[in-house]
1. Along the Cα→Cβ direction, 7 angstrom out, place labels at residue 239 and residue 147. What is the inter-label distance in nm?
2. Pull out the extension gain between residue 84 and residue 108, defined as 0.36 nm times the separation in residues minus the alpha carbon to alpha carbon distance; nm, one decimal.
3. Based on other C-beta atoms within 10 Å, arrange 51, 31 from fewest to most.
4. Of 87, 73, 29, which is farthest on the positive side of the dipole of the range 1-101, counting Cα position, with +1 on Lys and Arg Cβ, -1 on Asp and Glu Cβ, and the Cα centre as origin?
5. Which aspartates and glutamates have a Cα less than 13 Å from the Cα of residue 235, not counting those fewer than 8 places away in the same chain?
6. Would you mind getting me the FRET efficiency between residue 70 and residue 25? Use the beta-carbon distance for r and R0 = 22 Å, nearest 0.05.
7. Mind checking the full-extension length gain between residue 9 and residue 218? Use 0.36 nm per residue of separation minus the Cα-Cα distance, one decimal, nm.
8. Cut-off is 10 Å between beta-carbons; in what order do 108, 6 appear when sorted fewest neighbours first?
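Only the coordinates and a few stated rules stand behind these numbers; no lab work does. In this text, all values refer to a predicted model and were calculated from it rather than measured experimentally. Don't worry about glycine lacking a Cβ; one is built from the backbone with ideal geometry, like all the others, and counts go over all protein chains shown.
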Amino acid sequence: MEFWDVKQKKLICQTQSQDTTSFQWCADGEHILTATTAPRLRVGNGYRIWHYTGAMLEEKHVGKGEELWEAFWCPAPLERFPEKPISYRQVPSEKPAPPPVSTQQTYVPPSMRGKTNLPSTKLHEYEPPSNQKKQDPSMPVSKNKKKKEAKKNREAEKAASGGNEAASMVTSAASAPSVPMPSTGDPEKDKKIRNLMKKLQAIEVLKEQQKTGKQLELNQLTKMKTEDALLAELKALEIS
């Protein structure tokens, strides 16, 4: 349990009340009632009264074979209890202080507490799956690993070769326009010739890609069919 000063946003104290099934503030705003009740828990039934500074003021356990079904404060009007300043110092108590809060404490059921030679069990022990397939002892362990490595190497070589081909295509396409073209003396005619040369160079790149086995799009195939017409138009411009 943690108790805070809401206005100052400061922690007043931390304590613990084991096996608590109910928690209730008193109308005075200073005391708390925690209880262990049935049917939630049928072992260790009882109640405790606390002060918000962490002191346990009262503890009561029911007799053996008996059960506590409910514990609550008697109703009282709030006007009876004027607001008091919050104290950070624990009030005195004749009851022993509860053990310090431990975040790594292992949960032990109430029926097993105080006993020795408890069975060593873990909350999440590993259990193999019931439908687990047994490995064939005659099959080498490294066979599957060799297959995976061979497949990985083939894919790497394929990717590398594809990258080299693509790089060579781009290089050839980029270097082609750098070749100086003879001028006809007519700027309009020179412009048409340059456009035709660019289209023919693009067709050459597509033809190289087709040779490597790349699947071309329909519009790319249509562009390749215009090569003869472009060559004829280019020849006519150069002659004239």
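1. 6.5 nm
2. Working: separation 24, 0.36 × 24 = 8.64 nm, distance 3.90 nm.
Contour length minus the Cα-Cα distance gives 4.7 nm.
3. Numbers: 51 19, 31 16.
Ordered by Cβ neighbours within 10 Å, fewest first: 31, 51.
4. 87
5. 190, 227
6. Values: r = 16 Å, r/R0 = 0.74.
Step by step, r from the Cβ atoms, then E = 0.85.
7. Values: separation 209, 0.36 × 209 = 75.24 nm, distance 7.11 nm.
Going from the current span to full extension adds 68.1 nm.
8. Working: 108 12, 6 7.
In increasing order of surrounding Cβ atoms, one gets 6, 108.
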